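K.L.:
Below are the structure tokens for one structure; questions will follow.
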Amino acid sequence: MTITESSDALPPLIPHFSELAADYDVLLCDVWGVVHNGIAAFPHACEVLMRARARGATVILITNAPRPSTVVARQLEKLHVPRETYDAVVSSGDVTRAVIEARPGQSLYHLGPERDRSIFSGLDVHFAPLESADYVVCSGLDNDDVETPENYRARLEAMLKRKLFMVCGNPDVVVERGPQLVYCAGAIADLYATMGGEVLYAGKPYRPIYDMALAKAQDAGGGRKTPANRVLAIGDSVRTDFKGARAAGIDFLFVTSGIHAEELGGRERPDSKALNATFAAVGEMPKAVMRELTW
């Protein structure tokens, strides 16, 4: 549904996912902000995905976490997301690993916290200081509780001076951690790009992660390829989830209670004018809107 200058019609704000369930065979569902908030799982969202799978749909969790999908799966277990919620997980960490594997013999500088080092596990990686590395992998901020991208400007200037290529392992700019928003690797990568640096974004909204997710859906479905009109992406971010679904040519369900909640008028009742402005910035309407994912 493309927005025209004279149109202010919003897509339906639906209370129950069951209204859409029969229309889709594959769900590509965002994780942080839809399935959990970084501290606890959302039981209603987990129920939706389990019910969809029980009806025959394939559910692929698609996340910009800068860690391998195996590590993401362990985190989901700790947050009490039932394993029956999904068929497979695809992460920006998986895409980042593929980029690293395609650069054998090159050294890299890791910009990010120690907890993200699992992204390199099992790879033949040579780490180097910024002064001699061939390229940079950015997975996040060293201390995202207090730091902002501006804390990294001096380091980015040094990278720019050497014309270093950056792989952004998490294109998210901010993410919810409980009631707070914290900066992610995408914020640093965006700053580097505005300074003139070359950046490859490994996750949503860019195509590689969707191709990987759809390949996993095909494997989970016994090798059957699902037509694009039977695939639905679900997410809470306009910048990553909505734009990614649009670029991949699939429908999108927008969840308003995630990272855009406050700018949309609050978690309980999103403001229609704010929603319209948000979608106008994209130039297209989603298939539907939900406050939170419930059956």
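The values are calculated or read from the model by the stated rules, or taken from the named source; none is laboratory data. Computed from a predicted structure; not experimentally measured. For neighbour counting, all protein chains shown are included, and Cβ atoms are generated from backbone atoms with ideal geometry for every residue, glycine included. Please note that ligands, DNA and RNA were not included when accessible areas were found on the heavy atoms of the full protein model with its side chains. Shrake-Rupley method; radii C 1.70, N 1.55, O 1.52, S 1.80 Å.
K.L.:
Any lysines with Cα under 22 Å of the Lys273 Cα? List them, leaving off those in the same chain fewer than 8 positions away.
P.N.:
Lys243, Lys287
K.L.:
With each run of n ≥ 4 DSSP H residues scored as -39500 (n - 2.57), what mean residue ellipticity at 222 nm is computed for the chain after dividing by its residue count and rounding to the nearest 500 deg cm²/dmol?
P.N.:
On the way: 9 runs with 86 residues, N = 295.
Calculated at 222 nm, the ellipticity per residue is -8500 deg cm²/dmol.
K.L.:
Sticking with this structure for a sec: For the cross-link pairs Lys78/Lys204; Lys161/Lys216; Lys78/Lys216; Lys78/Lys161, which exceed 32 Å when the distance is taken from alpha carbon to alpha carbon? Before the final figure, lay out each step's value.
P.N.:
Working: Lys78/Lys204 24 Å; Lys161/Lys216 40 Å; Lys78/Lys216 23 Å; Lys78/Lys161 42 Å.
In this structure, Lys161/Lys216; Lys78/Lys161 lie more than 32 Å apart at Cα.
K.L.:
Turning to a different aspect of this structure: Which distance in nm do the two modelled labels at Ala128 and Ala22 give, with both placed 7 Å along the Cα-to-Cβ direction?
P.N.:
Spacing of the two 7 Å Cα→Cβ label points: 6.0 nm.
K.L.:
Once the Cα gyration tensor of the chain is found, what semi-axes does its equivalent ellipsoid get, as square roots of 5 times the eigenvalues, in whole Å, sorted largest first? List each step's numbers first, then the result.
P.N.:
Details: eigenvalues 201, 98, 62 Å².
Over the Cα atoms of the chain, the semi-axes work out to 32, 22, 18 Å.
K.L.:
A further question on this structure: Within 13 Å, Cβ to Cβ, of Glu147, how many net charges do the neighbouring residues add up to if Lys/Arg are +1 and Asp/Glu are -1? Working shown, then result.
P.N.:
Working: positive: Arg153, Arg155; negative: Asp142, Asp144, Asp145, Glu150.
In short, -2.
K.L.:
Please list the non-local residues whose amide H lies under 5 Å from the amide H of His36, H modeled 1.01 Å from N, same-chain partners needing a gap of 5 or more.
P.N.:
Under 5 Å from the amide H of His36: Phe42.
K.L.:
How much area per residue is accessible in the range 96-221 when the probe is 1.4 Å and only protein heavy atoms are counted (Å²)? Spell out each step's value before the answer.
P.N.:
Working: 5880 Å² over 126 residues.
Here the per-residue accessible area is 47 Å².
K.L.:
Once each part is reduced to its C-alpha centroid, what is the distance from the range 68-117 to the range 136-206 in angstrom?
P.N.:
One Cα centre to the other: 17 Å.
K.L.:
Kindly work out what percent of the DSSP beta bridges joining two residues of the range 141-295 are antiparallel, to the nearest 5.
P.N.:
Among the beta bridges of the range 141-295, antiparallel pairing accounts for roughly 25 percent.
K.L.:
So, with a 1.4 angstrom probe, what is the percent of accessible area on the chain that is carbon and sulfur? Walk me through the numbers before you get to the answer.
P.N.:
Values: 6590 of 13250 Å².
Result for the chain: 50 percent of the exposed heavy-atom area is carbon or sulfur.
K.L.:
Please compute the alpha carbon radius of gyration of the range 19-107, then divide it by the globular-protein estimate 2.2 N^0.38 Å. Two decimals is fine.
P.N.:
Compactness ratio reported: 1.21.
K.L.:
May I pose another question? Evaluated at 4 °C with a viscosity of 1.567 mPa s, what Stokes-Einstein diffusion coefficient in µm²/s does the range 86-125 have when Rh comes from the Kirkwood expression over alpha-carbon pairs?
P.N.:
Numbers: Rh = 11.3 Å.
Reported coefficient: 114 µm²/s.
K.L.:
When Rg is the radius of gyration of the Cα atoms in the range 166-295 and Rh is its Kirkwood radius, what does Rg/Rh come to? Walk me through the numbers on the way to the answer.
P.N.:
Working: Rg = 15.8 Å, Rh = 16.0 Å.
Dividing the radius of gyration by the Kirkwood radius yields 0.99.
K.L.:
If the reach is capped at under 20 angstrom between alpha carbons, list the aspartates and glutamates near Lys163, excluding any in the same chain fewer than eight residues apart.
P.N.:
Glu131, Asp134, Glu150, Asp190, Glu198
K.L.:
Would you mind calculating the gained length between Ile14 and His80 on full extension (0.36 nm times residue separation, minus the Cα-Cα distance), in nm to one decimal? Write out the running numbers ahead of the final one.
P.N.:
Details: separation 66, 0.36 × 66 = 23.76 nm, distance 2.65 nm.
Length difference between fully extended and current span is 21.1 nm.
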